[in-house]
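Only one structure is covered here, and it is reproduced in the block below.
Just so you know, all these numbers are worked out from the coordinates, no wet-lab data involved. Remember, it's a predicted structure, so these values are computed and weren't measured experimentally. Cβ coordinates were reconstructed from backbone atoms using ideal geometry, including for glycine residues, and neighbour counts include every protein chain displayed.
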Amino acid sequence: MQCIETGLSGCVILEPKIIRDERGYFMESFNEKTFAAVSGQEVHFVQDNQSHSTQGVLRGLHYQCGAHAQAKLVRVIHGEVLDVAVDIRPESPTFGKHVAVHLSAENQRQLFIPRGFAHGFLVLSATATFFYKCDNFYDKESEGGILFNDPDLGIDWQFPLDTVLVSEKDKNLPTFKNARNVW
């Protein structure tokens, strides 16, 4: 597994070693010991989530607050998405900065998003199946979110925003300046 820095502390791209032959391929999608060795971080996942969406669906930007904050390891099993992580840790030198990464079933890349980040993705292919591991359990009372098209964040979603499919809940999230404090 190769670890690629994103410029946001703790947020890294992982490229698994893929073994291909005439039958197809094999890869180890996660190994706790290997992850710690290549990233210098320790994580223990307790919950797996999966969603399936059509082209133009935008989910996010979401996070969990306080004791329920979550680190995530995200990947795409089918299709392609633009995955975005926003640093919302007030003490971080990259506070308010974001990274956008193309994740697809073809490139098999994964993005590790540490606690203290908001996260969202937009489906670029006809459909996409998105899978992610969390290191903490979801808690409805600890939800936080930021409006996906907040001009202060300046996220280029690489898709016409007037055509995206966004839930009513996500359309009404606060701006970055007015978002719930993650800690």
Between Ala71, Ala126, Ala85, where does the largest GNM mean-square fluctuation fall for the chain, given springs only between Cα atoms within less than 10 Å? Ala126
Dipole axis of the chain (+1 Lys, Arg; -1 Asp, Glu on Cβ), positive-most option in Pro174, Phe148, Ala67: Ala67
Segment Ala126-Phe159, extension gain: residue separation times 0.36 nm, minus the distance between their alpha carbons: 10.6 nm
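Can you pull the Rg over Rh of the stretch 1-104, Cα-only, Kirkwood?
0.96
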Connecting every pair of Cα atoms under 10 Å apart in the chain and solving the GNM, the largest mean-square fluctuation among Phe130, Phe121, Phe30 falls on Phe30
Distance violations [Cα-Cα > 30 Å] among Lys33/Lys177; Lys33/Lys171; Lys133/Lys177; Lys97/Lys140; Lys140/Lys171; Lys17/Lys171: Lys33/Lys177; Lys33/Lys171; Lys17/Lys171
Return the single residue from Ile77, Ile18, Ile113 with maximal mean-square fluctuation; model: Gaussian network over the chain, springs between Cα atoms under 10 Å. Ile18
With just the Cα atoms defining each centre, how far is the stretch 62-90 from the stretch 91-164? Give it in Å. 5 Å
Under the helix-only model (-39500 (n - 2.57) for each DSSP H run of 4 or more, divided by the residues of the chain), the mean residue ellipticity at 222 nm, to 500 deg cm²/dmol, is -1500 deg cm²/dmol
Sequence-distant residues sharing a close amide H with Val57 (under 5 Å, placed H): Val123, Leu165
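In whole Å and largest first, what semi-axes does the C-alpha gyration tensor of the stretch 44-178 yield when each eigenvalue is scaled by 5 and square-rooted?
One finds semi-axes of 21, 18, 14 Å for the stretch 44-178.
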